[in-house]
Structure formats: structure tokens, C-alpha cells
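Colleague: The following block contains the structure, expressed as C-alpha cells.
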Amino acid sequence: MTAPHLPKALDGFCAAVGNTPLIRLRRLSEATGCEILGKAEFLNPGGSVKDRAALGIIEDAEAKGLLKPGGVVVEGTAGNTGIGLTQVAKAKGYRCIIVIPDDQSREKIDLLRALGAEVRTVPPAPYKEPGNYNKVAARVAEETPGAFWANQFDNTANADFHYRTTGPEIWEQTDGRVTAFAAAVGTGGTLNGTARYLKEKSPDVFTVCADPMGAAMWSWFTHGHLDIDDGDSIAEGIGQGRVTRNVEGTPVDKAYRVPDRILIETVYHLLNEEGLFLGTSCGINVAGAVRAALEKGKGQAVVTILCDGAQRYQSRLFNDEWLREKDLRPEHWSTARLVDEIAKL
Ligand code: PMP
């Protein structure tokens, strides 16, 4: 028996990045009368959506002659970009130095070390301070011979890769039926590149930023200023306080703020109703997609990003003691209750 629908062998790690499945979230689709579709980015070979940014940035640097054989890739990252960069670097024969805030989850720091990145942990510091992990990474790159600073926040090779891959894949996979797209912002690369592509294909596609508390993107896309960034979130990898170059020019129709209670109930819903074991930003993204579906009414095809798996957050997200401390133990809302609560956002 042959399986003619299966693709032929891919040429190594880099060729296996992207072309991820689109998964219909059945319960939330039924409850909203829409198709709620999750792009399974956790199935990328490095385990997250950031494999795309890593590959896009490294290939762009190679093409521009900024990264030469035997060179060093340096980045400040909360985790997933570092994981993707380290794996792409290994596949292509580069060294990788990763600067990471020391409040990030143990799993991600351990994984980076296991992958062979040179990991430098720094205390968390605001962007404007010289001790900020991103600023430290820039200095390390300057001081290291043959080094290239990936600069995922302001290097638009990041958003451009989503424009060239994530957007077209979603368009193809829905046969052009996609009517809305929702994503949270870390660097802004995913939302910018994908929303830009989809808007070009059809200006009617409703583009949504789903923002965690403590971030300023809701304020930016709603009011055009960064003044409102109150609250806090357990979400990792998202939550931006400034207009990065990858955020600039993102066509966003509507932004929603998603509190952690909704994040948690959504993540547990996805596990218990769909069997999907997904990370914190997926809770924000899927809630954003449901909110977009409710805004536009029945019959929509709403796509969002399932950024990574929950393994990377297991010691927090599925740890009763940690959840209790945060007052975030799941209440296991019914699907109807979850949708009702999201409707209030
Ligand atoms: N979710 C997770 C888990 C991430 O690591 C990131 C990237 N930091 C994002 C979402 C946001 O993606 P982007 O950087 O493209 O905005």
C-alpha cells in the first residue's frame, strides 16, 4: 500500500520547518457556529512557531553576507527563538550564544543547554536598561569575532518569513476561505507577516491582536499609544511593551485583552476536550480567535497559532502548587461557559 498524499523526504531540519497542519478545534467551532482553526506550530522540528523566525533570520543573514561559514549566532531570547536558532545553527554548522532572563521556565533553559547553546542567564531588566537581555546580546555579538546578532524584535526578516510561509500556507489550507486571523505579539513577527499577507489576498480578512495583561499592544492597536500596560500575565514568549520594527505597520482591525483566568481555562479546555497539550500563548491566541468569531458572527473561518506544546511549561501550568500560588487553579469551565466569558472581553 502506498500513501500518495505523504510528502517525499525533506532535506534536513531546515526543510522540515513550516507546512504545519491546520487543526479544527471541534468544541469551540460547534459552540461558535464558526470554524476555529489552530495552525499546529508546535509540530515544527524545534517544537515551536519560532523555528520560522530562526530560519528566516539566519537565511537572510547568510544571503546578506552577515553570517559566514563557522560564524556565531547571538540572540537574547525568552526561549523558543533560542531553541530554534540553536537547532538551525547546528544544522548549518554555526555556534550559538543565547542570553536569557533567569526568570524563564527551567525547562526552556535546560533544553537550550542540552541542545548545545552557550547559555548566559541575566537578571530580568526593563528594555531601557543596559542590563536588559536584548541589550546584553547586542554587546556580546559586538565583542565576539564572526558573530551575528539575530535581533528578532527589530530584524524584519522575522515577519517577512511569516509573510512568505505562514500566510500563504493558511490561505492554501483554507482554500482562501479564511475570514479572520488572531495572534498574540512577542516580537510581532507572526502577526505582522501573516496579517499582511492575508490582507493582501483579501482586505476583508479580520485581523486581531490577542494581548495578555501587562502588555501594551492592545493599547497600541486600539488607541495608538503605549500608555495602558496594567496587570500581569503568566504567559511566556508574548507581552510586548514597545513598537518593535516587526510590530510596525501590522494591519490590525481589533485588539482584545485576555486575562490569565481565560488563558488557563482555555489551555485546560484544549487538553480535556481536544487532547491538545499546549503552551500558555495558545490560551491567549485561541481565546482571541473565539472572540473574533463572536464579533463577526456565525460562518466564519478563524485561524490562530498553536505556538508550542505545554511540555515547556509543565512545572508551572500543570503544577497544582504553582497554580494555587497564582490563584489560577483551573475551574474546568464548560465549553459554553468558556465561550460566554470570552464574549465579555
Ligand atoms: N508564543 C510563544 C510561545 C512564543 O515563544 C512566541 C515568540 N516569542 C510567540 C508566541 C509570539 O510570536 P512572535 O514573536 O512572532 O510575535
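The values are calculated or read from the model by the stated rules, or taken from the named source; none is laboratory data. For clarity, every value in this text was computed on a predicted model and none was experimentally measured. Reconstructed Cβ throughout: ideal geometry from the backbone, glycine too, with neighbour counts over all protein chains shown.
Colleague: Cβ-Cβ under 6 Å, sequence separation 6+ or interchain: first residue in the range 232-244 and over 20 Å from Asp327 (Cα atoms), partner near the ligand (Cβ under 9 Å from one of its atoms) and not in a loop (DSSP other than H, G, I, E, B). Which pairs?
Modeller: Going by the 6 Å Cβ cut-off, the qualifying pairs are Gly237/Asn80; Gly237/Ser281; Ile238/Ser281.
Colleague: Could you tell me how many of the residues in the range 133-168 are more than 15 Å from the ligand (Cβ to nearest atom), surrounded by fewer than 20 Cβ atoms within 10 Å (Cβ to Cβ) and within 21 Å of the chain's Cα centre (by Cα)?
Modeller: Number satisfying all stated conditions: 1.
Colleague: Please specify each residue of the range 220-260 satisfying the condition of being over 17 Å from the mean Cα position of the chain (by Cα) and among the small types (Gly, Ala, Ser).
Modeller: Result: Gly224, Gly231, Gly249.
Colleague: For the range 123-152, what are the residues that are closer than 23 Å to Val88 by Cβ, at pLDDT below 95 and not aromatic (Phe, Trp, Tyr)?
Modeller: Residue satisfying the conditions is Asn134 alone.
Colleague: What number of residues within the range 269-299 satisfy the criterion of being within 16 Å of the ligand (Cβ to nearest atom) and in a loop (DSSP other than H, G, I, E, B)?
Modeller: Residues meeting the conditions: 3.
Colleague: Restricting attention to the range 21-44, report how many residues are in a loop (DSSP other than H, G, I, E, B), out of contact with any Ser or Thr (no Cβ under 8 Å at 6 or more places or on another chain) and crowded, with 23+ Cβ neighbours inside 10 Å.
Modeller: The qualifying residues number 2.
Colleague: Filter the range 27-40 down to the residues that are touching a helix residue (DSSP H, G or I) at 6+ places or on another chain (Cβ under 8 Å) and within 16 Å of the ligand (Cβ to nearest atom) and list them by number.
Modeller: Answer for the range 27-40, where residues must be touching a helix residue (DSSP H, G or I) at 6+ places or on another chain (Cβ under 8 Å) and within 16 Å of the ligand (Cβ to nearest atom): Gly38, Lys39.
Colleague: Answer with yes or no whether Thr304 is within 20 Å of the chain's Cα centre (by Cα), assigned to a loop (DSSP other than H, G, I, E, B) and closer than 17 Å to Phe181 by Cβ.
Modeller: no
Colleague: Name the pairs whose Cβ atoms lie under 8 Å apart, with the first residue in the range 107-130 and hydroxyl-bearing (Ser, Thr, Tyr), the second assigned to a loop (DSSP other than H, G, I, E, B), and 6 or more positions between them or separate chains?
Modeller: Thr121/Asp102; Tyr127/Gly241; Tyr127/Arg242
Colleague: Looking only at the range 75-96, filter to residues that are more than 16 Å from the ligand (Cβ to nearest atom) and surrounded by 23 or more Cβ atoms within 10 Å (Cβ to Cβ); which one of those is nearest to Cys307 (Cα to Cα)?
Modeller: Restricting to residues being more than 16 Å from the ligand (Cβ to nearest atom) and surrounded by 23 or more Cβ atoms within 10 Å (Cβ to Cβ), the top hit is Ala89.
Colleague: Just a yes or no: is a residue in the range 42-50 touching a residue at least 24 places away in the same chain (Cβ under 8 Å) and away from the ligand (no atom under 15 Å from the Cβ)?
Modeller: Yes, that holds for at least one residue.
Colleague: Which of (1) touching a strand residue (DSSP E or B) at 6+ places or on another chain (Cβ under 7 Å); (2) over 17 Å from Phe42 (Cβ atoms); (3) within 14 Å of the ligand (Cβ to nearest atom); (4) not hydroxyl-bearing (Ser, Thr, Tyr) does Val72 not meet, given it meets every other one?
Modeller: Val72 satisfies all of (1) touching a strand residue (DSSP E or B) at 6+ places or on another chain (Cβ under 7 Å); (2) over 17 Å from Phe42 (Cβ atoms); (3) within 14 Å of the ligand (Cβ to nearest atom); (4) not hydroxyl-bearing (Ser, Thr, Tyr) except (3).
Colleague: Something else about it: Could you say whether any residue in the range 205-213 is of a type in the set (D, E, K, R) and more than 24 Å from Pro126 (Cα to Cα)?
Modeller: no
Colleague: Sort out which residues of the range 290-345 are closer than 30 Å to Thr81 by Cβ and of a type in the set (Gly, Ala, Ser), and write them in order of number.
Modeller: Ala292, Ala293, Ala301, Gly309, Ala310, Ser315
Colleague: Pairs, please: C-beta under 8 Å, at least 6 apart or cross-chain, first residue of a type in the set (Phe, Trp, Tyr) and in the range 181-193, second more than 6 Å from the ligand (Cβ to nearest atom) and part of a strand (DSSP E or B)?
Modeller: Every condition considered, the pairs that remain are Phe181/Phe206; Phe181/Thr207; Phe181/Val208; Phe181/Val302; Phe181/Val303; Phe181/Thr304.
Colleague: Which members of the range 261-280 meet the condition of being of a type in the set (Phe, Trp, Tyr) and more than 17 Å from the chain's Cα centre (by Cα)?
Modeller: Result: Tyr268, single match.
Colleague: Looking at the range 307-341 only, could you name the residues that are within 16 Å of the ligand (Cβ to nearest atom), in a helix (DSSP H, G or I) and small (Gly, Ala, Ser)?
Modeller: Within the range 307-341, Ala310, Ser315 qualify.
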